[in-house]
There are 2 protein chains.
Amino acid sequence: MSEQDTSDRDYESVLRDAGMRITKPRKTILEILAEGEDHPDALEIFRRANARDASVSLSTVYRTMKALHDCGAIHRHAFEGGPARFEQADAPHHDHMIDVDTGEIVEFRSEKIERLQEEIARELGYHIVYHRLELYGRKRKTR
Amino acid sequence: MSEQDTSDRDYESVLRDAGMRITKPRKTILEILAEGEDHPDALEIFRRANARDASVSLSTVYRTMKALHDCGAIHRHAFEGGPARFEQADAPHHDHMIDVDTGEIVEFRSEKIERLQEEIARELGYHIVYHRLELYGRKRKTR
DNA sequence: AATGCAATTGCAAATCGTTTGCAATAACTG
DNA sequence: CAGTTATTGCAAACGATTTGCAATTGCATT
Ligand SMILES: [Mn+2]
Ligand SMILES: [Mn+2]
Ligand SMILES: [Zn+2]
Ligand SMILES: [Zn+2]
């Protein structure tokens, strides 16, 4: 009966529209994705889901993430090193800066860069389907 | 006795400076990297190396790639989907556009984007250690 | 509410790319 | 050339993810 509900509904209709069933494990996973502010990996999603419904398995997490990705409901990021991380696709597009020391992820968006990318692609005779821009950095000491 | 020789020597001194021995398998692999114009993965490097020296193993390819990467002599790219691909680090920096249909890789470089990245990092209070910019696109039909 | 069937599940085993332990071998040093 | 030590090939281990399968569930129908 709150905003949470709205998000869940959204996700559920995405699944339903794709002809998929709304099962208990999926509901739980969707709940977690809807409220998540971070970029959890499959194992972390599994942990959080499992805390609410002990029957959810890691396989189902993977399968659900794949289904949601195919539906375009989530983004899958393969940052350097670690396992794939996920986030909702409903937020406006942004890219990521990863702190190489702490692993912290900062989101940013540059209209200029987005535009330049399109321009470059056009010059090369392509149109962009999707892209990946990741900045791996370290906190600036010298201010 | 040709330009080839020069490239090989370079690689070898990189290894030597890092206190590594110049072995037959390494020589073969370095030869291949020096003349390669593309972005081969470990298995492809193994195939090419193996054609010249049947004793080279895949493990050694992986180990050599790791050593060269640690020395900063090569770049390792983990493009969407496939295995890691390698290329020499001696060429000037560039980013990649990947044709989602054919897998073809086109190199490009945008001074503007490079500059903007630095700018963004600074605004976020970071300095860039390295970055990854990959455009996944499709050949433009409409010219 | 009971029925039937296809979609979904958990589990274990398989997969892929990559790394590693180990005993045998080859590079370098003197 | 001999001694020390890095490097090798092999096979087995690895981490992340996917898959086969038989049991369970969601859901459209009565
Ligand atoms: Mn994000
Ligand atoms: Mn390149
Ligand atoms: Zn972007
Ligand atoms: Zn760049």
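The values are calculated or read from the model by the stated rules, or taken from the named source; none is laboratory data. What you see is a predicted model; the values in this text were computed from it and never measured. We place every Cβ from the backbone using ideal geometry, glycine too, and count neighbours over all the protein chains shown. Surface areas here come from the heavy atoms of the whole protein model, side chains and all, with no ligands, DNA or RNA. Shrake-Rupley method; radii C 1.70, N 1.55, O 1.52, S 1.80 Å.
Structure data summary
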| item | result |
| --- | --- |
| Some residue of segment A:59-71 being in contact with a strand residue (DSSP E or B) (Cβ under 6 Å, 6 or more places away or on another chain), under 26 Å from A:Asp95 (Cα atoms) and more than 13 Å from DNA strand C (Cβ to nearest atom) | yes |
| Qualifying positions in segment A:82-118 - without any contact (Cβ under 8 Å) to a residue 60 or more places away in the chain and open to solvent by 80 Å² or more (accessible area, probe 1.4 Å) | A:Pro92, A:Asp101, A:Thr102, A:Glu104, A:Glu107, A:Arg109, A:Glu111, A:Lys112, A:Arg115, A:Glu118 |
| Hits in segment B:123-143 - residues which are outside any strand (DSSP E or B) and at the interface with chain A (Cβ under 7 Å from one of its Cβ atoms) | B:Leu124, B:Gly125, B:Arg140 |
| Residue match in segment B:24-35 (condition: away from DNA strand C (no atom under 15 Å from the Cβ) and open to solvent by 20 Å² or more (accessible area, probe 1.4 Å)) | yes |
| Test: residue in segment A:93-101 that is over 23 Å from B:His77 (Cα atoms) and out of contact with any strand residue (DSSP E or B) (no Cβ under 8 Å at 6 or more places or on another chain) | yes |
| B:Glu37 vs. criteria among the charged types (D, E, K, R), touching a residue at least 12 places away in the same chain (Cβ under 8 Å), more than 16 Å from ligand 4 (Cβ to nearest atom) and farther than 28 Å from A:Ile98 by Cβ | no |
| Matching residues in segment A:61-71 - criterion: being open to solvent by 30 Å² or more (accessible area, probe 1.4 Å) and either within 16 Å of ligand 2 (Cβ to nearest atom) or without any contact (Cβ under 8 Å) to a residue 40 or more places away in the chain (or both) | A:Tyr62, A:Arg63, A:Lys66, A:His69 |
| Residues satisfying the stated conditions in segment B:66-103, i.e. in contact with a helix residue (DSSP H, G or I) (Cβ under 9 Å, 6 or more places away or on another chain) and small (Gly, Ala, Ser) | B:Ala67, B:Gly72, B:Ala73, B:Ala84, B:Ala89 |
